[in-house]
Every structure is written in structure tokens, then in C-alpha cells.
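A.B. asks: Below are the C-alpha cells for one structure; questions will follow.
Coordinate-derived values only; no laboratory data. For clarity, every value in this text was computed on a predicted model and none was experimentally measured. A quick note on method: Cβ atoms are made from the backbone with ideal geometry, for glycine too, and the neighbour counts reach across all protein chains shown.
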Amino acid sequence: MNPVKKDQAAGNRRLRFPKHIREEWYGRVYAYFCVTLLIVTIVSIVWFIASKGLNPFLSGAVSVPELLFGRTWSPESEPPLFGALPFLAGSISVSLLAAVLAAPFGFCAAVFMTQIAPKVGRRFLQPAIELLAGIPSVVYGFVGLSVIVPFLRNNFTGQGFGILAGTLVLSVMILPTITSIATDALSNLQAGLKEGSFALGATRWQTIYRLILPTTFPSLLTGVVLGISRAFGEALAVQMVIGNAPHVPRSLLESAATLTSIITLEMGNTVGGSLHNNVLWSLALILLIMTFLFVFTVRMLERRAGR
Amino acid sequence: MQALIEIDRLNLFYGTFHALKNISMKIPEKAITAFIGPSGCGKSTLLRTLNRMNDMIPGTQIDGTVSIAGADIYGKDIDVETLRKKVGMVFQQPNPFPKSIYDNVAYGPRLHGITSRQKLDEIVENSLRGAALWNEVKDHLKRSAFSLSGGQQQRLCIARALAVEPDILLMDEATSALDPISTLKIEELAQELKERYTIVMVTHNMHQAARVSNQTVFFLNGEVVEYSETEKLFSNPEDQRTEDYISGRFG
Ligand SMILES: Nc1ncnc2c1ncn2[C@@H]1O[C@H](COP(=O)(O)OP(=O)(O)OP(=O)(O)O)[C@@H](O)[C@H]1O
Ligand SMILES: [Mg+2]
């Protein structure tokens, strides 16, 4: 045996903890530390939002139904009215409509990239979509403001601001989410599945819509839910094109507002601890709860897809 | 016996790689023909030319003719989907669709336009009976195909292929992923099926070829070395290389 090695072995024995055990121990402590920090952060954020957001209800100033179903938002009036229905309606309609608009495009792009022209797809379409995902939301908002809003104003009734403008901007923003998840799902298809279908005399289209789409459906839906979730949480771009009028919209072309846009707009004008400020936290709490619901839905879908 | 498939001076290239070299043979109707040979010699490639599954591999080039029942399947007026309906295929790995047992078998008929529930029920039952699976699954046709064992899945794939009423059944090492009992079941099944179908199977298992097939073709490096009655090929091969291979002296 090499004498140097022997020496080392003896040294380690004297230390009682060989090097690799010590290293393992350091690694463990470090990992636990990070995880603890993470959990503390998450818990304190939730705690903070909840304690502020629940305040208006606990103090009796506003009731939950009043907030959820009230149609009038006038924090300055006497007594102040905090009806968030306009924002809920705005948020929900823009996100859902954006998903409805973006999903078919996303699926088609994914089918094209994986089934029809994988080479072109990987060379051109994929980078383009990744680029789309990387554009900051203020840029989307700006483009929406200077292209979509004037277009709508010139071609339809109204000022151009509203649900439709918000939907159009958001649908482009969530397209990358839906497309990339759909692409992953389609390219991770079990080997031999498509061949099995072709061998029975199926055409490519039959294989896509009878086998591939149904098989990947839960994953496709996951992408859509994540897209909706992103749209729901998007503030800046929407705020720039939606018009920010706090009433329940009657048409797609009428100015409206969302939960996020009202928070960003009014947060700066309120005093910390005031009722108005706390009610904005309640809106944030609603956003948080919605996010939990989305995450939960995605989990369920993934479990279904995994089966 | 009449020849159903006639292959004449067939050459196949994957890009520049010459995978099948000047292959000519006649495959008889309603019999089992086995392809044997060492790995990479082109058995699967030849099998896949029979239902044109190689079409999907970019860079594949073919010359020579393959005709089935007198029609050149690479001819201009051939519809690939119709061809594949007539020439069913079972793969090495069982590949059931992630659907119910029923929907797996009904997949093919539905593709080809059958929608009547009653008709589909009938086809599903007959195909599953044909694949010797009916008794095991008749009470839970709605269950996922993945709830079946590997051997059952493979028989389901056979049922799925039978459901479109093919004339020819291609089996590419269909039992190599299965346990001995499932293998035996599928071999017995093949024996029954040859009454009605023309079967071409690739196998690595010499005993299997000897047990079930009527004709055996021995391939080496993309060429046919020997093609004869199974009994003759195994008991009294003409070519030294065949003899070496079947006696396990090279591989
Ligand atoms: N898609 C392909 N592209 C290029 N070469 C290929 C392709 N498929 C097969 N080959 C080559 O063609 C030759 C024959 O392959 P084939 O799959 O027909 O062999 P095989 O006899 O079925 O082998 P095994 O018993 O291992 O399944 C091999 O040398 C293989 O490398
Ligand atoms: Mg093979």
C-alpha cells in the first residue's frame, strides 16, 4: 500500500469523522438552513397578507359578501364603499378569454413543432416563443397601448381601452406558457404510440386528434391553467390597456379594471393601516387564494396525467 | 401454397447505408414465415417495408418491387392507409394506447368509419376472442389497457390489429418482452391465426422459429442467406453460415 494513503487513513481515524461524513454533514446543515429560510419566507408572506387582508372583515368595517359582490367601489365616499365585484369580473374575464384565445394557437404551435415539422419548429418557432416569454410585461403593455388600443378605437365603438384590449395583450403573454407545456407533453409521448396508430392505417391527422391530443389532454390543460394563472396575476400590461374604470363591464370594449390593476393603481395613494389600504390587502388575499387554487388544480391535473 | 407477398430484387438504403441487399422471395398465404438472423441484419427493416412503415424514416430509399396479392405496394396508385389496414403489425414492446381495453380495439374500426355501437361491440368481442383475451377481460372492458399484464397487453395489441380485418399480420419480436407462459400463449395463438391470416414474424428465438413457423428465412448483413421449409432449414441447412448460426456457433 502507498505509505501516504496509509498516513491519511490513520489521520482520519484519529479525527473519528472521515472527510466524506463531515462533508455530508455540512451539506445537510446547509440544505436544512435554506429550506427553513424558504419556509419562513413563505409563511411570513402568507401571514402578512392574511393579517392585513382579514383586518377589514375582523374589524367589521366591510363584510365578505359586501366585498365579493358589491358593485360599487368608492373609497372616498361617505361612508366608503368597497365592492370588488368589478375587479373580480374584470380579472376573471380577461384571464379566461385570454386562455380561450391563446390555447388553440398554443396547441397548434406545439403540434406543428413536434409532429409536423420538428426541424423548422426547433430552429425557428421554439426560439421565437422563448423570446416571447422573455419580453418584459411593460413592453407588452406599451405595444398594446400604442397598437391595439388605437386599432380598437378606430374600428369599433369606445375608446379602445377595455376587456378586449387586455385579453389580446394577455393572450400573447401567456402563449409561451401554454405552448411550451404542450410541446413538452407532446414530445414526451410514449415511444411506439404513434407507430401503433399508423400501423392501423391512421393518417397523421387522425393520429393527432384521435390519439395524441386525448392522451396529452391533462398536460395541455395544465398549461392552460398555468396560463390563466399568469394572466390573473399580471398587473402592469393589463393596467396599461384596460382603462381602469371600476365598474362591472357590460361589453368587451368598455373600460374596466382588474384586481391587480386596482392594487397597483391605488396602493400608492393610501396610508398604511387605513381601511382603504387594508381593503387593498384583502384584494391581494383574494389573488393569493386564487393562486393556491390554480396550483392545486395543476397538481390534480398532473396526477391525472401521470397515471 | 400460393404466394401472397412477392419481393423482387429489393434494395433499401438508410441514407448511404445499404440495409437490404437485392432481396427476392415469395411469402406464402395462410402460413407462418419466420425471419431469423443476428441483430442488425435487416429483419425489422424488411418487415417494415411490407406495410411501408419505413416511409416515415427520412432518408430511406427503396428500389425493386414488393407486391401483395399482385399489386405493387410502392406503386403510384397505392393508398398507404389502405395498405396498412390490410397489413397489420404487432411491435416488440406492447404499445397499447392509453385508453380503455374497449377503445383500444375499437380504435382501428372507428378510424375506418365504423360508428355503430352494436357493430363495434361485435368487432371488439370477435377480435378479443381471436386474440385469446376475451375470457380474461370481458368483465372489465372499460378498464385502462395499462391495467393488463405485459402478455395480456401484447394480446390486446394483436386484437387491435385483428379488429381492422387485415390479411397479413407482421410480428416483430412480439414475444421478446414477455415471460415464457405469455410467449407460449402467443405462439399458440399464432398457430390458430394462420388458418385465416398470413403471418410474418421476426424472432431471435431459434426454438420459436422451429416450433411455430412453416418457412424460415435466414438473413445476414442485409442479404438472404437461406430460405426454405422450417423443418429443412433447421435439420438440414444448405449453407454453412446457416448451420453455424442455428447451432449457435456465431451470432
Ligand atoms: N432509421 C434508421 N436509420 C439508419 N439506419 C438504420 C435505421 N434503422 C435501422 N438501421 C440500420 O439498418 C440495419 C438493419 O436494422 P434492423 O432494425 O432491420 O435490424 P434487425 O435485423 O431487426 O435487428 P434486431 O434483431 O436487433 O432488431 C442496422 O444495421 C441498423 O443500424
Ligand atoms: Mg429488429
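A.B. asks: What do you get for the angle between helix B:180-193 and the principal long axis of chain B? Use alpha-carbon atoms, 0 to 90 degrees, nearest ten.
C.D. replies: Tilt relative to chain B: about 90 degrees.
A.B. asks: Just want the ordering: B:194, B:30, from fewest to most Cβ atoms lying within 10 Å of their own Cβ.
C.D. replies: B:30, B:194
A.B. asks: Further question: What shape does the range B:1-41 have by the C-alpha gyration tensor, where a ≥ b ≥ c are the square roots of the eigenvalues, rounded means a/c under 1.5, and otherwise prolate means a/b greater than b/c and oblate the rest?
C.D. replies: Because a/c hits 1.5 or more and a/b fails to exceed b/c, the range B:1-41 counts as oblate.
A.B. asks: In debye, nearest 20: dipole of the range A:188-298 around its Cα centre with unit charges on the Cβ of K, R (+) and D, E (-)?
C.D. replies: Dipole magnitude for the range A:188-298 comes out near 400 debye.
A.B. asks: Taking the C-alpha atoms of the range A:129-229, how large are the radius of gyration and the largest Cα-Cα span, Dmax, in Å?
C.D. replies: 18.7, 56
A.B. asks: Given a cut-off of under 8 Å on Cα pairs at least six residues apart, what relative contact order in percent is computed for the range A:115-187?
C.D. replies: 34 percent
A.B. asks: Which ³J(HN,Hα) values in Hz, rounded to whole numbers, follow from the phi angles of the range B:14-23 under the Karplus curve 6.51 cos²θ - 1.76 cosθ + 1.60, where θ = phi - 60° and Gly and Pro get x?
C.D. replies: 9, x, 9, 7, 7, 8, 10, 10, 6, 9
A.B. asks: I've got another one for you. When N is the residue count of the range A:196-267, what does its C-alpha Rg come to as a fraction of 2.2 N^0.38 Å?
C.D. replies: Dividing the Cα radius of gyration by 2.2 N^0.38 Å gives 1.83.
A.B. asks: Within 10 Å of each Cβ in A:199-209, how many Cβ atoms from other chains are there, averaged over the peptide?
C.D. replies: 6
A.B. asks: Would you compute, for the Cα atoms of the range A:262-307, the largest minus smallest coordinate along each principal axis and list the three values in descending order, in whole Å?
C.D. replies: 51, 16, 10
A.B. asks: Moving on to the next point. So how tilted is helix B:150-162 from the main axis of chain B? Cα-based, degrees 0 to 90, rounded to 10.
C.D. replies: 90 degrees
A.B. asks: Under a cut-off of 27 Å between alpha-carbon atoms, report the lysines in cross-link reach of residue A:19, not counting same-chain residues fewer than 8 places apart.
C.D. replies: Excluding near neighbours in sequence, the set is A:5, A:6.
A.B. asks: Anything in chain A that counts as a DSSP H helix reaching 20 Å or more along its axis (C-alpha) with Kyte-Doolittle mean of at least -0.5? List them, would you?
C.D. replies: Answer set is A:19-58, A:85-111, A:163-187, A:213-233, A:275-306.
A.B. asks: Using only the alpha-carbon atoms, what does the range A:230-291 span along each of its principal axes? Please give whole angstrom values in decreasing order.
C.D. replies: Largest first, the range A:230-291 extends 36, 24, 19 Å along its Cα principal axes.
A.B. asks: Taking H placed 1.01 Å from N in the peptide plane, check which residues at least 5 places from residue B:89 or on another chain put their amide H under 5 Å from its amide H.
C.D. replies: Sorted by chain and number, the residues that satisfy this are B:170.
A.B. asks: Add -39500 (n - 2.57) for each DSSP H run of 4 or more in chain A, then divide by its residues: what number comes out at 222 nm, to the nearest 500 deg cm²/dmol?
C.D. replies: -23000 deg cm²/dmol
A.B. asks: To one decimal place, what Kirkwood hydrodynamic radius in Å is obtained for the range A:29-163 from all pairs of distinct Cα atoms?
C.D. replies: One decimal place: 20.1 Å for the Kirkwood radius.
A.B. asks: May I pose another question? Take the Cα pairs of the range A:81-306, get the Kirkwood Rh, then feed it into Stokes-Einstein at 4 °C and 1.567 mPa s and tell me D in µm²/s.
C.D. replies: On the way: Rh = 18.9 Å.
Reported coefficient: 68 µm²/s.
A.B. asks: How many Cβ atoms of partner chains, on average, are near each residue of A:190-198 if near means within 10 Å of its Cβ?
C.D. replies: If you average over the peptide's residues, the count of other-chain Cβ atoms is 6.
A.B. asks: Residue by residue through the range B:97-114, which ³J(HN,Hα) values in whole Hz follow from phi under the Karplus form 6.51 cos²θ - 1.76 cosθ + 1.60 (θ = phi - 60°), with glycine and proline marked x?
C.D. replies: Result, rounded to whole Hz: 6, x, 9, 6, 4, 4, 5, 4, 6, 7, 4, x, x, 4, 3, 8, x, 8.
A.B. asks: Of all beta bridges DSSP finds with both residues in the protein assembly as shown, what is the antiparallel percent, to the nearest 5?
C.D. replies: 60 percent
A.B. asks: Cα-based Rg of the protein assembly as shown per 2.2 N^0.38 Å, rounded to two decimals?
C.D. replies: Details: Rg = 33.2 Å, N = 558, 2.2 N^0.38 = 24.3 Å.
Here the Cα radius of gyration is 1.36 times the empirical estimate.
A.B. asks: Next question, about the same structure. Mean-square fluctuation check for chain A, GNM, Cα pairs under 10 Å: which of A:100, A:35, A:295 is largest?
C.D. replies: Evaluated over chain A, the most mobile residue of the options is A:35.
A.B. asks: Answer with one residue from A:146, A:185, A:92: the one whose Cα lies farthest towards the positive end of the charge dipole of chain A, charges on Cβ with Lys, Arg +1 and Asp, Glu -1.
C.D. replies: A:185
A.B. asks: Next question. Distances longer than 27 Å among the Cα atoms of chain B: what percent of all pairs is that?
C.D. replies: 37 percent
A.B. asks: Do the alpha carbons of any pairs in B:99/B:119; B:26/B:76; A:194/B:43; B:21/B:194; B:194/B:232; B:86/B:194 sit beyond 25 Å of each other, and which pairs?
C.D. replies: From the list (B:99/B:119; B:26/B:76; A:194/B:43; B:21/B:194; B:194/B:232; B:86/B:194), the Cα-Cα distance tops 25 Å for B:21/B:194.
A.B. asks: Give the residue list of chymotrypsin sites (Phe, Trp or Tyr not before Pro) in the range A:131-211 that are DSSP loop and have at most 15 other beta-carbon atoms within 10 angstrom.
C.D. replies: Sparse-neighbourhood loop chymotrypsin sites (Phe, Trp or Tyr not before Pro): A:156.
A.B. asks: Mind pulling the angle between the C-alpha long axis of helix B:117-130 and the longest principal axis of chain B? Nearest 10 degrees, somewhere in 0 to 90.
C.D. replies: 50 degrees
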